[in-house]
């Protein structure tokens, strides 16, 4: 694996940890700032707003710089945001620091996906993106549980300061391993012109609808496990860890299969998600079945992410670029998060029970499969997909790997 991908994965790990660890530190933050747990919960929404705003804005600003310069600058924002959060004297200061931190999130993954593609051969583009995204999935397996435990034993401020340290480590890795000539500054007008492509909007629609299936269920996984499957509150943690392992395996699997099968794999995978959720809804009262199906659900759901991310960059057909479209897809993932969670909340509030979000997720996955088939069919009609440019020569020095 090129060392540049390791630096990107470390950054993804830090971003994933800072995004989700707040959920595990709600009581500690509430006590420390003398506010309610529900008020601290709003920090999650504030972070999501920061991601949606920052993804297109900072990516557009960064087009005038090389990918390495942009990624380093984004990590500086990330480090400053986490340090301010760790030192925040009031709730308002913490909320502002969380929004600042989130601004770097979407743009880092958007520009990072472009950078990842450039340090490997064209036929391994999806696999390169999957290796970067693995850092995000490992955050849920290692970073979030570890951060929650440290917050309970010592201080939530120490956790956020440590995450800032991960950002510093990422900056060092990017400067040492990501080639300085791995891409040139891009033109904003050219990047914006990519949004005229019907294929780009087709892939963005796939992200917003198809991946809403994942969030329709995962947003309510804890009450599903406790109230339906019968797990204790303590028993939920190891189950979620297994889910995290499944998402990591799925991300790596999708990277390998995506370069070969593309949107065809996504279409089949979405149908697989729909089938798993239908069975899950029917057998959720069985603890063993619940664990097996939840892990399988995570594996299938996350296997498709890198493929779609690579697909939207290829659909943009911007020689050596595509950062803005790539970042827009990160925003689309957050739309899917909000959309899926809202639909899940709707059916629960209407009295259909905690298994109802699974049927909602299954329906969304079926629609996603149709969009994925359409996207793949459109690709075939247009001929072979654009080949990503390789800014680093095949004979690049070992130090760059």
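Are there helices (runs of 4 or more DSSP H) fully within region 140-251 with at least 1 residues that are not assigned by TED's automatic domain parsing to the domain that holds residue 129? List them.
188-193, 198-210, 212-218
Out of 3, 98, which single residue is surrounded by fewer than 22 Cβ atoms within 10 Å (Cβ to Cβ) and either in the same structural domain as residue 334 (by TED's automatic domain parsing) or at pLDDT 90 or above (or both)?
It is 3.
Considering only region 320-334, how many residues are more than 12 Å from residue 194 (Cβ to Cβ) and over 12 Å from the mean Cα position of the chain (by Cα)?
Going through region 320-334 one residue at a time, the tally reaches 1.
Name the residue, out of 159, 111, that is over 22 Å from residue 328 (Cβ atoms), out of contact with any strand residue (DSSP E or B) (no Cβ under 6 Å at 6 or more places or on another chain) and surrounded by 24 or more Cβ atoms within 10 Å (Cβ to Cβ).
Going through 159, 111 in turn, the sole match is 159.
Residue under question is residue 328, and the condition is that it be out of contact with any strand residue (DSSP E or B) (no Cβ under 7 Å at 6 or more places or on another chain), at pLDDT 85 or above, part of a helix (DSSP H, G or I) and over 25 Å from residue 120 (Cα atoms); does it hold?
no
May I ask you to say which residue of 369, 303, 365, 290 is over 30 Å from residue 55 (Cα atoms), out of contact with any strand residue (DSSP E or B) (no Cβ under 9 Å at 6 or more places or on another chain) and at pLDDT 90 or above?
Only one candidate passes the filter, namely 290.
To keep it simple, each residue is scored yes or no on (1) in a helix (DSSP H, G or I); (2) within 20 Å of the chain's Cα centre (by Cα); (3) crowded, with 24+ Cβ neighbours inside 10 Å.
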| site | (1), (2), (3) |
| --- | --- |
| 8 | yes, yes, yes |
| 14 | yes, yes, yes |
| 22 | yes, yes, yes |
| 51 | yes, yes, yes |
| 70 | yes, yes, yes |
| 85 | yes, no, yes |
| 93 | yes, no, no |
| 102 | yes, yes, yes |
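Kindly provide the set of residues from region 336-347 that are surrounded by fewer than 23 Cβ atoms within 10 Å (Cβ to Cβ), at pLDDT 85 or above and touching a helix residue (DSSP H, G or I) at 6+ places or on another chain (Cβ under 6 Å), ordered by number.
Matches in region 336-347: 339, 341, 343, 347.
The values are calculated or read from the model by the stated rules, or taken from the named source; none is laboratory data. If you're wondering where the values come from, they're calculated on a predicted model, not measured in any experiment. Here the Cβ is made from the backbone with ideal geometry for all residues, glycine too, and neighbour counts use every protein chain on show.
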